[in-house]
1. Any idea what angle helix B:327-342 forms with the longest principal axis of chain B, computed on alpha-carbon atoms, 0 to 90 degrees, nearest 10?
2. Could you give the Stokes-Einstein D for the protein assembly as shown in µm² per second, using the C-alpha Kirkwood radius, 37 °C, 0.692 mPa s?
3. Which entries in the list A:K127/B:K110; A:K95/A:K127; A:K130/B:K140 go over 23 Å, if you measure between the two C-alpha atoms of each?
4. So, R0 is 25 Å and r is the distance between the beta-carbons of A:E120 and A:S63; what FRET efficiency does that work out to, to 0.05?
5. Counting GluC sites (Glu not before Pro) as exposed when in a DSSP loop with at most 12 other beta carbons within 10 Å, what is the longest stretch of chain B free of them?
6. Against the longest principal axis of chain A, how steep is helix A:53-73, in degrees 0 to 90 to the nearest 10, with axes from Cα atoms?
7. With a 1.4 Å probe and every protein chain left in place, work out the accessible area per residue of segment B:271-394 in Å², rounded to a whole number.
8. List the cysteines of chain B that have no other Cys Cβ closer than 4.7 Å: which are they?
Amino acid sequence: MRGFTLWVTGPSCQNNSILSRAIEEELLERGMKVELLNIDAVQSCLLGDSDDPLVSINEGMKSVGFIAHLLTRNDVVAICSYPSPRSSSRDEMRKLIGRFVEVYCECALDNLKKQGISMEEWNAYEKPDKPEVICDLEKEGHEECAHKILKTLEILGFIPPSDDDEAYSEDEEDKIRQRLQDLGYI
Amino acid sequence: MALFGRKKKNKVLVIGLDGVPVWLLQHLMDVGVMPKFKTLCEEGILQSMKASLPEISAVSWADFMTGTQSGEHGIYGFTDFKDRSYEITFPNFTDLKARTLWDRLGDMGKRSVVVNQPSTYPARPIPGCLISGFVAINIKKAVHPLPLLRKVMDFGYSIDITTMACRRDHDLCLSELTETLKRRKMVVDWLWMDQDWDLLEVVVTGTDRLQHFVWSCIEDSKHPLHPRAMEYYAAIDSLIEEWVDRFLGDPGGDLSRVFLLSDHGFCGIEQEVRLNTWLMQEGLLSFLTDEPQELSQMDPKSVAFFLDPGRLYLNRKRRFEQGWIEDEDAESILVEIIDKLTSLKYNGNHVIRYTFKDQEIYKGPHLNQAPDLVLLSHKGYDLKGTVKERELFGRSDLEGMHTWDEAFFWSMRPKENDLRISSLSDFIVDALA
């Protein structure tokens, strides 16, 4: 299987991290080689040393992007969990890496405030224009978001379909049978 | 995002009205319920068209989208047999063996937006985007690509009405049909502007539901729900007007690239005809239990059996694990059954209009899955494959049934006289070539 980079972005580091870990776990269970590059894991060695936190974050992002690029071309799945506030920087990563899937993790302002994120930080964040997946952990829950991401990866051909991904489950088959009966088709 | 900088390019608009017969359209135009359609018919050509065999949406829409027939695409009905078994399976979009017109357009670099297309569940990637129609039951598996799902759900989109509740409560049926149509329009309008497309196709399936459940309110102008039913068709006409006018205002929109169709016709039910009951009465089918619920409970010594609506299978040795009829004996058995079926009468009237042997209507790599015989009834006799009924003739609360050669097709140019739904995909692809 060829490598790719899953870039999880959004204003909430906490939410990005939760979602990235859920995907990491699922891909590892499917027997894939996966590296999670999240802000906690890399901040000690990769972030820049500028006094301006935004500059520091963006410099660090370039380093993370470069490592993701190396991992991807060596057929490892790189999951990058970053606030990555600048849209243009993420687009640069997409160009550099090629096999790149962007997940935008939404977060309501109220929840951001609860997580201690300021209006200034919120305003500095630029939403992606065309992410492959949009998730909202609060509304959809971890499982639903992870399912959506995995399905997208399957459809895009980055990962093979799950073994248990039958077209119809037993429950669905019962519902289809019922609907066909309701219409007099069977 | 696609609002600005749109280049002029040829586009196609396809609108499907599930189950609407050509004569009903003509009638609705004559009584002033569908004025836009009347205008279209003054400019273009309304033709009758033959649906698939059997005349059901699962097969007819598969014929439409692939430009082939069951022997090529492998879909023979809403149900089929599991391999070498008497057990039933429900074929789905992944079982479709032929390429769709959207795939063909994709080869030409064209993108399609397809909304509520029956027989495309679960949704799979097409060049463009797809929202599956009937028998889709879970919206999360009915949308491709998945990033569209959230927005579709935000519109309160529902694939279908609540079928059993609406079958029982016709007021509710009309309310749900109206609401479903409104939400469907919202999603189509959004995709129209949001997506960069070459073909936009939408199917209205509420017509089929209304006609199954309350056919009488369409035919009988004194029926208490008649005015609401007419309002529903008028709402569809307004919707056609809005979409066609918008299409003509789009760069690349031209009336010669607008197509409207139905997938089969419709009529009222006089009697349901339980064909497996007939086989039981003729001594050709028996069960291992007194109150059979499904075909898998059949005595393997049985000669033949039906799947809905009128697909007859001989119990062939080469086809079924416990089958016993050798191929060389099949023809004489089939001739005998055809002879008896064509004599079947209700109140002195013949029930069966045509019988088609498999090779008369199907060809291709999946011919070996075909039923040995497909029946078409005279109007009013609704063929059923149930094994639960003991009476050959009877009625349920369903009021309408499908017909074969009364589907419609509208376009600007007349097509061949003996028009079949499987011919349409070539016209559409050609319009974008």
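The values are calculated or read from the model by the stated rules, or taken from the named source; none is laboratory data. Keep in mind that what you see is a predicted model, and the values were worked out from it rather than measured. Here the Cβ is made from the backbone with ideal geometry for all residues, glycine too, and neighbour counts use every protein chain on show. The area values use the complete protein model at the heavy-atom level, side chains included, leaving out ligands, DNA and RNA. Shrake-Rupley method; radii C 1.70, N 1.55, O 1.52, S 1.80 Å.
1. Around 80 degrees separate the two axes.
2. On the way: Rh = 26.8 Å.
For these conditions, the coefficient is 122 µm²/s.
3. Working: A:K127/B:K110 29 Å; A:K95/A:K127 18 Å; A:K130/B:K140 20 Å.
Result: A:K127/B:K110 exceed 23 Å.
4. E(calc), rounded to 0.05, equals 0.55.
5. Here the longest segment lacking exposed loop sites spans B:88-320.
6. 50
7. Computed with neighbouring chains in place, this is 47 Å² per residue.
8. That list is B:C41, B:C129, B:C217, B:C267.
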